[in-house]
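Here is the structure we will look at, set down as C-alpha coordinates.
The values are calculated or read from the model by the stated rules, or taken from the named source; none is laboratory data. Source: prediction; values computed, not measured. No Cβ is skipped: glycine too gets one built from the backbone with ideal geometry, and neighbour counts run over all protein chains shown. These accessible areas exclude ligands, DNA and RNA; they are computed on the full protein's heavy atoms, side chains included. Shrake-Rupley method; radii C 1.70, N 1.55, O 1.52, S 1.80 Å.
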Amino acid sequence: RIAFFSPAHGLNPELEARYRANRLGITRQLYFSGKNKKSLDVALSVNGIPVVTLELKNPLTGQTAANAIHQYRHDRDPREPLFAYGRCLAHFAVDPDLVYMTTELKGQATRFLPFNQGRSGGAGNPPSWQDYSTAYLWKEVWTRDSVLDLVQQFIHEVEEEGDKGRKTGDKHLIFPRYHQLDAVRRLVRDAREHGPG
(Lines give C-alpha, C1' and ligand atoms only; values in the text may rest on other atoms or scores of the structure.)
Protein backbone atom coordinates (compact mmCIF):
# COMPACT_ATOMS: atom_id res chain seq x y z
CA ARG A 1 0.00 0.00 0.00
CA ILE A 2 2.95 2.35 0.36
CA ALA A 3 4.61 1.52 -2.97
CA PHE A 4 3.83 -0.03 -6.33
CA PHE A 5 6.38 -2.41 -7.74
CA SER A 6 7.48 -3.13 -11.27
CA PRO A 7 4.94 -5.27 -13.10
CA ALA A 8 6.18 -8.58 -14.52
CA HIS A 9 5.20 -7.50 -18.04
CA GLY A 10 4.08 -4.39 -19.90
CA LEU A 11 0.55 -5.59 -20.69
CA ASN A 12 -1.14 -3.42 -18.06
CA PRO A 13 -0.44 0.31 -18.54
CA GLU A 14 -2.20 1.15 -15.26
CA LEU A 15 0.27 -0.94 -13.23
CA GLU A 16 3.19 0.63 -15.07
CA ALA A 17 1.79 4.12 -14.37
CA ARG A 18 1.46 3.30 -10.66
CA TYR A 19 5.03 2.02 -10.59
CA ARG A 20 6.29 5.22 -12.27
CA ALA A 21 4.32 7.30 -9.74
CA ASN A 22 6.53 6.12 -6.84
CA ARG A 23 8.64 8.94 -5.44
CA LEU A 24 12.12 8.17 -4.22
CA GLY A 25 13.88 10.81 -2.18
CA ILE A 26 17.22 11.61 -0.66
CA THR A 27 17.44 13.73 2.47
CA ARG A 28 20.70 15.26 3.63
CA GLN A 29 21.23 15.87 7.36
CA LEU A 30 18.04 14.21 8.56
CA TYR A 31 17.35 15.22 12.15
CA PHE A 32 15.91 12.08 13.72
CA SER A 33 15.31 12.85 17.38
CA GLY A 34 13.05 15.07 19.42
CA LYS A 35 15.53 14.76 22.31
CA ASN A 36 18.62 16.29 20.71
CA LYS A 37 20.01 17.89 17.55
CA LYS A 38 21.71 14.78 16.15
CA SER A 39 21.33 14.12 12.45
CA LEU A 40 22.14 11.46 9.87
CA ASP A 41 24.21 12.31 6.84
CA VAL A 42 21.72 10.84 4.36
CA ALA A 43 18.39 9.01 4.34
CA LEU A 44 16.84 7.38 1.28
CA SER A 45 13.06 7.20 1.19
CA VAL A 46 10.30 5.58 -0.82
CA ASN A 47 7.14 7.69 -1.02
CA GLY A 48 8.29 9.73 1.97
CA ILE A 49 9.16 6.79 4.22
CA PRO A 50 12.87 6.44 5.08
CA VAL A 51 14.10 2.96 4.14
CA VAL A 52 17.91 3.33 4.25
CA THR A 53 20.23 5.50 6.32
CA LEU A 54 23.84 6.34 5.47
CA GLU A 55 26.73 7.84 7.38
CA LEU A 56 29.27 9.19 4.89
CA LYS A 57 32.89 9.72 5.87
CA ASN A 58 35.88 11.23 4.12
CA PRO A 59 39.48 10.25 4.91
CA LEU A 60 40.58 13.76 3.88
CA THR A 61 38.85 14.98 7.04
CA GLY A 62 40.36 12.14 9.09
CA GLN A 63 37.34 9.82 9.08
CA THR A 64 36.61 6.49 7.39
CA ALA A 65 33.79 3.93 7.30
CA ALA A 66 35.15 2.67 10.64
CA ASN A 67 34.17 6.03 12.17
CA ALA A 68 30.68 5.69 10.68
CA ILE A 69 30.36 2.22 12.20
CA HIS A 70 31.43 3.63 15.58
CA GLN A 71 28.87 6.41 15.19
CA TYR A 72 26.04 3.93 14.53
CA ARG A 73 27.10 1.76 17.49
CA HIS A 74 27.61 4.56 20.01
CA ASP A 75 25.72 7.68 18.86
CA ARG A 76 22.57 6.20 17.28
CA ASP A 77 20.09 5.09 19.91
CA PRO A 78 18.22 1.97 18.70
CA ARG A 79 15.22 3.15 20.73
CA GLU A 80 14.76 6.15 18.45
CA PRO A 81 11.81 5.40 16.13
CA LEU A 82 13.93 5.72 12.97
CA PHE A 83 16.42 3.13 14.26
CA ALA A 84 13.93 0.66 15.75
CA TYR A 85 14.07 -2.84 14.29
CA GLY A 86 12.27 -3.05 10.94
CA ARG A 87 11.72 0.69 10.65
CA CYS A 88 14.57 1.19 8.19
CA LEU A 89 15.69 -1.71 6.07
CA ALA A 90 19.43 -1.05 6.30
CA HIS A 91 22.05 1.31 7.68
CA PHE A 92 25.22 1.96 5.67
CA ALA A 93 28.68 3.17 6.69
CA VAL A 94 30.43 4.57 3.62
CA ASP A 95 33.72 6.22 2.72
CA PRO A 96 35.27 6.69 -0.75
CA ASP A 97 36.84 3.22 -0.61
CA LEU A 98 34.67 0.91 1.52
CA VAL A 99 31.03 0.17 2.37
CA TYR A 100 29.56 -1.71 5.35
CA MET A 101 25.93 -2.30 6.27
CA THR A 102 23.65 -3.67 8.95
CA THR A 103 19.93 -4.30 9.16
CA GLU A 104 19.61 -3.79 12.90
CA LEU A 105 21.19 -1.40 15.37
CA LYS A 106 21.96 -3.01 18.75
CA GLY A 107 24.34 -0.50 20.27
CA GLN A 108 27.87 -1.90 20.68
CA ALA A 109 26.65 -5.36 19.60
CA THR A 110 25.67 -4.08 16.13
CA ARG A 111 27.16 -6.33 13.45
CA PHE A 112 28.22 -4.69 10.20
CA LEU A 113 28.91 -6.72 7.06
CA PRO A 114 30.89 -5.58 4.03
CA PHE A 115 28.92 -4.40 1.02
CA ASN A 116 31.88 -4.17 -1.34
CA GLN A 117 32.47 -5.42 -4.88
CA GLY A 118 35.66 -7.28 -4.04
CA ARG A 119 39.15 -6.57 -5.29
CA SER A 120 41.37 -9.09 -7.08
CA GLY A 121 39.61 -11.99 -5.38
CA GLY A 122 39.83 -10.33 -1.96
CA ALA A 123 38.12 -7.74 0.20
CA GLY A 124 37.45 -4.12 -0.70
CA ASN A 125 36.66 -2.44 -3.99
CA PRO A 126 38.65 -2.02 -7.17
CA PRO A 127 40.32 1.38 -7.55
CA SER A 128 38.67 3.83 -9.91
CA TRP A 129 40.54 6.50 -11.85
CA GLN A 130 37.37 8.43 -12.74
CA ASP A 131 35.39 8.25 -9.49
CA TYR A 132 35.34 6.98 -5.92
CA SER A 133 35.69 3.22 -5.51
CA THR A 134 32.25 3.24 -3.86
CA ALA A 135 30.50 5.14 -6.68
CA TYR A 136 28.67 1.90 -7.57
CA LEU A 137 26.36 2.61 -4.63
CA TRP A 138 25.00 5.76 -6.26
CA LYS A 139 25.30 4.68 -9.88
CA GLU A 140 23.96 1.15 -9.49
CA VAL A 141 22.54 0.17 -6.10
CA TRP A 142 20.68 3.36 -5.13
CA THR A 143 19.10 4.10 -8.50
CA ARG A 144 15.33 4.41 -8.49
CA ASP A 145 14.58 1.05 -10.09
CA SER A 146 17.24 -0.73 -8.03
CA VAL A 147 15.88 0.52 -4.68
CA LEU A 148 12.36 -0.56 -5.58
CA ASP A 149 13.68 -3.94 -6.77
CA LEU A 150 15.58 -4.38 -3.49
CA VAL A 151 12.44 -3.69 -1.47
CA GLN A 152 10.27 -5.93 -3.66
CA GLN A 153 12.54 -8.89 -4.35
CA PHE A 154 15.56 -9.04 -2.05
CA ILE A 155 14.89 -7.79 1.48
CA HIS A 156 13.09 -10.31 3.66
CA GLU A 157 12.31 -10.89 7.31
CA VAL A 158 13.03 -14.37 8.62
CA GLU A 159 12.18 -15.99 11.92
CA GLU A 160 14.79 -18.17 13.57
CA GLU A 161 14.12 -21.83 14.28
CA GLY A 162 15.39 -23.77 17.27
CA ASP A 163 17.09 -27.17 17.27
CA LYS A 164 13.78 -28.98 16.81
CA GLY A 165 12.61 -26.79 13.92
CA ARG A 166 10.22 -24.67 15.99
CA LYS A 167 10.05 -20.92 15.53
CA THR A 168 11.82 -19.06 18.33
CA GLY A 169 10.20 -15.67 17.81
CA ASP A 170 13.58 -14.09 17.05
CA LYS A 171 13.36 -12.24 13.74
CA HIS A 172 15.89 -10.49 11.58
CA LEU A 173 16.03 -8.80 8.20
CA ILE A 174 18.00 -10.28 5.32
CA PHE A 175 19.61 -7.72 3.05
CA PRO A 176 21.78 -9.13 0.24
CA ARG A 177 25.50 -8.56 0.16
CA TYR A 178 26.73 -6.82 -2.99
CA HIS A 179 28.00 -9.99 -4.70
CA GLN A 180 24.68 -11.77 -4.04
CA LEU A 181 22.67 -8.90 -5.46
CA ASP A 182 24.95 -8.64 -8.49
CA ALA A 183 24.93 -12.39 -9.19
CA VAL A 184 21.13 -12.71 -9.04
CA ARG A 185 20.62 -9.69 -11.27
CA ARG A 186 23.13 -11.00 -13.82
CA LEU A 187 21.43 -14.41 -13.89
CA VAL A 188 17.98 -12.86 -14.35
CA ARG A 189 19.25 -10.55 -17.10
CA ASP A 190 20.96 -13.44 -18.89
CA ALA A 191 17.83 -15.61 -18.70
CA ARG A 192 15.72 -12.79 -20.15
CA GLU A 193 18.17 -12.18 -22.99
CA HIS A 194 19.11 -15.78 -23.82
CA GLY A 195 16.40 -17.93 -22.28
CA PRO A 196 16.89 -20.71 -19.73
CA GLY A 197 19.62 -23.30 -19.88
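For the chain, what does the relative contact order come out to in percent, with C-alpha contacts under 8 Å and a separation of six or more?
Numbers: 311 pairs, mean separation 25.0, N = 197.
RCO, the chain: 13 percent.
Which log10 I(q)/I(0) values does the range 72-137 give at q = 0.16, 0.20, 0.23 Å⁻¹ under the Debye formula, counting every alpha carbon as one identical point scatterer?
For the range 72-137, the Cα-only Debye profile gives -0.60, -0.79, -0.91.
In whole Hz, what ³J(HN,Hα) sequence does the range 146-160 give by Karplus (6.51, -1.76, 1.60; θ = phi - 60°), x for Gly and Pro?
Karplus-based 3J(HN,Hα) across the range 146-160 equals 5, 4, 5, 5, 4, 5, 6, 10, 10, 8, 9, 9, 10, 10, 5 Hz.
Taking the range 133-167, which trypsin sites (Lys or Arg not before Pro) meet the DSSP loop condition and have no more than 13 other C-beta atoms within 10 Å? Provide the component values of the computation, followed by the final result.
Numbers: sites: LYS139, ARG144, LYS164, ARG166, LYS167; in loops: LYS164, ARG166.
Those that pass, being in a loop and sparsely packed, are LYS164, ARG166.
For the chain, with every protein chain kept in place, what is the accessible area per residue (1.4 Å probe, Å²)? Please list the in-between numbers first.
Values: 12230 Å² over 197 residues.
Ligands and nucleic acids excluded, the result is 62 Å² per residue.
Averaging over all projection directions, find the projected area of the Cα convex hull of the range 19-115 and quote it in nm² with one decimal place. Walk me through the numbers on the way to the answer.
Values: hull surface 27.2 nm².
For the range 19-115, averaging the hull's shadow over all directions gives 6.8 nm².
Looking at the range 68-131, which chymotrypsin sites (Phe, Trp or Tyr not before Pro) are in a loop (DSSP not H, G, I, E or B) and have at most 12 other Cβ atoms within 10 Å? Don't jump to the answer; show the numbers that get you there.
Numbers: sites: TYR72, PHE83, TYR85, PHE92, TYR100, PHE112, PHE115, TRP129; in loops: TYR85, PHE112, PHE115, TRP129.
Counting only loop positions with at most 12 other Cβ atoms within 10 Å, the chymotrypsin sites (Phe, Trp or Tyr not before Pro) in the range 68-131 are TRP129.
Can you pick out the pairs among LYS38/LYS106; LYS35/LYS106; LYS35/LYS57; LYS57/LYS139; LYS37/LYS57 whose Cα atoms lie more than 21 Å from each other?
Values: LYS38/LYS106 18 Å; LYS35/LYS106 19 Å; LYS35/LYS57 24 Å; LYS57/LYS139 18 Å; LYS37/LYS57 19 Å.
The pairs that break the limit, which is 21 Å between Cα atoms, are LYS35/LYS57.
R0 = 35 Å: FRET efficiency of GLN152 with ASP131, Cβ-based, nearest 0.05?
The calculated FRET efficiency here is 0.80.
Taking the alpha-carbon centroid of each part, what is the distance from the range 112-174 to the range 1-74 in angstrom?
Taking the Cα centre of each part, the range 112-174 and the range 1-74 sit 14 Å apart.
In the range 83-164, carbon and sulfur make up what percent of the accessible area (probe 1.4 Å)? Present the calculation step by step, with values, prior to reporting the outcome.
On the way: 2060 of 4420 Å².
Its accessible area is 46 percent carbon and sulfur atoms.
Shape call for the range 43-197 from the C-alpha gyration tensor, a ≥ b ≥ c root eigenvalues: rounded (a/c under 1.5), prolate (a/b greater than b/c) or oblate? Walk me through the intermediate numbers first.
On the way: a/c = 1.61, a/b = 1.03, b/c = 1.56.
Because a/c hits 1.5 or more and a/b fails to exceed b/c, the range 43-197 counts as oblate.
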